[in-house]
Amino acid sequence: MAKYLVCGKYIGEGVQGLLSEGGSGRRSVIHELAGSLGGSVENVYYAFGEYDIYGIFDMPDNSSMAAFSLQASASGLVSVTCIPLMLPEDIDEAAKKTGRYRAPGVDWLP
């Protein structure tokens, strides 16, 4: 399963919904939606700052994570950002792969 950091910001009446349902109530909804898409939620955290809520998700694939984001965002009451997470070993594997790249406006490759 792919792991994601999901960041959410409540918009307008979404804040009122959070206040009426409580953090635990919204956490249950988040777990239910992720589960219905074949995924799971490691944990949910509320915060103050740029985002109101953060979660660590395990989802089967990018399209499942996109489906979660689309369904949550479709309400217009929350804005969702999904960030794929990688282990250090994933970076090790990426570093072993080479490709040819030319920077914009540069006619040579190092």
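The values are calculated or read from the model by the stated rules, or taken from the named source; none is laboratory data. Computed from a predicted model, the values in this text were never measured in an experiment. Glycine also receives a Cβ, built like all others from the backbone with ideal geometry; neighbour counts cover every protein chain displayed.
In the range 87-109, is there at least one residue being in contact with a strand residue (DSSP E or B) (Cβ under 7 Å, 6 or more places away or on another chain) and closer than 16 Å to MET1 by Cα? No. Looking only at the range 1-35, filter to residues that are of a type in the set (A, V, I, L, M, F, W, C) and in a strand (DSSP E or B); which one of those is farthest from the chain's Cα centre (by Cα)? Restricting to residues being of a type in the set (A, V, I, L, M, F, W, C) and in a strand (DSSP E or B), the top hit is ALA2. Here GLY35 does not fit the description of being in contact with a Phe, Trp or Tyr (Cβ under 7 Å, 6 or more places away or on another chain), surrounded by 11 or more Cβ atoms within 10 Å (Cβ to Cβ), of a type in the set (Gly, Ala, Ser) and without any contact (Cβ under 8 Å) to a residue 24 or more places away in the chain.
When the range 15-54 is filtered for residues that are of a type in the set (Asp, Glu) and closer than 16 Å to GLN71 by Cβ, only GLU32 remains. Given the structure, is SER69 touching a residue at least 12 places away in the same chain (Cβ under 8 Å), surrounded by 11 or more Cβ atoms within 10 Å (Cβ to Cβ) and over 15 Å from the mean Cα position of the chain (by Cα)? No, not satisfied. Here THR98 passes the criteria (1) more than 17 Å from the chain's Cα centre (by Cα); (2) surrounded by 13 or more Cβ atoms within 10 Å (Cβ to Cβ); (3) of a type in the set (S, T, N, Q) except the one numbered (2). Is it true that some residue in the range 83-106 is at pLDDT 95 or above, assigned to a loop (DSSP other than H, G, I, E, B) and either more than 19 Å from GLY12 (Cβ to Cβ) or of a type in the set (D, E, K, R) (or both)? Within the range 83-106 (the criterion being at pLDDT 95 or above, assigned to a loop (DSSP other than H, G, I, E, B) and either more than 19 Å from GLY12 (Cβ to Cβ) or of a type in the set (D, E, K, R) (or both)), the answer is yes, since at least one residue qualifies. Of everything in the range 1-28 that's touching a helix residue (DSSP H, G or I) at 6+ places or on another chain (Cβ under 8 Å), hydrophobic (A, V, I, L, M, F, W, C) and under 17 Å from THR81 (Cα atoms), which residue is modelled with the lowest pLDDT? The extreme case among them is ALA2. For residues in the range 63-79 being of a type in the set (S, T, N, Q) and either out of contact with any strand residue (DSSP E or B) (no Cβ under 7 Å at 6 or more places or on another chain) or part of a loop (DSSP other than H, G, I, E, B) (or both), which is modelled with the lowest pLDDT? Residue satisfying both the conditions and the ranking: SER75.
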